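Engineer: I have a structure here, written as structure tokens, and I will follow up with some questions on it.
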Amino acid sequence: MISQEVKRVLRLQASLVGLAVIVALLVSGGSAAVAVSALLGGLAVLLPALLYARIAYAKRHVPPAALIKAHFLAEAVKFCLTVLLSGAVLASFKDLSVVGFLGGFFAATSGYGFGLLIKN
């Protein structure tokens with residue numbers, strides 16, 4: 001089971017991706033390609049983060065060594081999936097806006113830091 005704090009950070013990341021898509025639409029003058037690029041950039045961070053949470057928090061009430069091992073495995077999976085998704089998006093979409101993609105990517109990534117600073 002995923003803790004409420006982790007869910008809060010994931011919701012924050014999703015909200016920041018949504019904000020990045022809206023900003024991309026406004027800045028680009030309504031270009032769908034830029035907005036979709038921002039969305040794909042955000043999803044390249046958000047989907048691996050969801051998988052991280054599922055792997056890292058799958059076991060409860062186990063020895064600390066097992067928890068650490070689960071977090072290391074989850075981080076390795078998250079890193080590899082982030083690289084694979086980013087590479088697949090960059091290779092597959094010809095109308096991709098790199099600036100939009102990076103905007104969504106960094107918006108979602110900033111959710112980690114903001115999640116530590118913002119306490120609800």
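Engineer: When a/c reaches 1.5 or more, the comparison of a/b and b/c decides; with that in mind, is the chain rounded, prolate or oblate per its Cα gyration tensor?
Structural biologist: oblate
Engineer: About its Cα centre, how strong a charge dipole does the range 4-117 have in debye, to the nearest 20, once Lys and Arg get +1 and Asp and Glu get -1 at the Cβ?
Structural biologist: That gives the range 4-117 a dipole magnitude of about 440 debye.
Engineer: Using packing as a proxy for protection, rank 69-77, 9-17 so that the peptide with the highest average count of other Cβ atoms within 10 Å comes first.
Structural biologist: 9-17, 69-77
Engineer: Roll a 1.4 Å probe over the protein chains and send me the accessible area per residue for the chain in Å².
Structural biologist: Numbers: 7390 Å² over 120 residues.
Ligands and nucleic acids excluded, the figure is 62 Å² per residue.
Engineer: Compute the length gained on full extension between F79 and R11: take 0.36 nm times their separation in residues and subtract their Cα-Cα distance, giving the result in nm to one decimal. Each step should come with its number before you reach the end.
Structural biologist: Numbers: separation 68, 0.36 × 68 = 24.48 nm, distance 1.98 nm.
Full-extension gain reported as 22.5 nm.
Engineer: While we're on this one: Along the positive direction of the dipole of the chain (beta-carbon charges: Lys, Arg +1; Asp, Glu -1; about the Cα centre), which of Q4, F93, A20 reaches farthest?
Structural biologist: Value computed over the given set: Q4.
Engineer: Additional query: Relative to the longest principal Cα axis of the chain, at what angle does helix 4-27 sit, 0 to 90 degrees, rounded to 10?
Structural biologist: Tilt of helix 4-27: around 10 degrees.
Engineer: May I pose another question? Relative to the longest principal Cα axis of the chain, at what angle does helix 98-117 sit, 0 to 90 degrees, rounded to 10?
Structural biologist: 40 degrees
Engineer: If each of L102 and L25 carries a label point 7 Å out from its Cα toward its Cβ, how far apart are those two points in nm?
Structural biologist: 2.4 nm
Engineer: Among the lysines, which fall within straight-line cross-link reach of K7, defined as a Cα-Cα distance under 28 Å, with same-chain neighbours fewer than 8 residues apart omitted?
Structural biologist: Those lysines meeting the cut-off are K59, K69, K78, K119.
Engineer: Give me a comma-separated list of calculated 3J(HN,Hα) values for the range 60-77, in order, Karplus coefficients 6.51, -1.76, 1.60 applied at θ = phi - 60°, integers in Hz, x for any Gly or Pro.
Structural biologist: Karplus values, whole Hz, x for Gly and Pro: 10, 6, 10, x, x, 4, 5, 5, 4, 4, 5, 5, 5, 4, 4, 5, 5, 5.
Engineer: What relative contact order, as a whole-number percentage, does the chain give when Cα pairs under 8 Å and 6 or more residues apart are counted?
Structural biologist: Computed value for the chain: 42 percent relative contact order.
Engineer: Of the heavy-atom accessible surface of the chain (probe 1.4 angstrom), what whole percent is carbon and sulfur?
Structural biologist: 75 percent
The values are calculated or read from the model by the stated rules, or taken from the named source; none is laboratory data. Note that the structure is a prediction, hence the values are computed from the model and not measured. Glycine gets a Cβ as well: all are built from the backbone with ideal geometry, and neighbour counts include every protein chain shown. The area values use the complete protein model at the heavy-atom level, side chains included, leaving out ligands, DNA and RNA. Shrake-Rupley method; radii C 1.70, N 1.55, O 1.52, S 1.80 Å.
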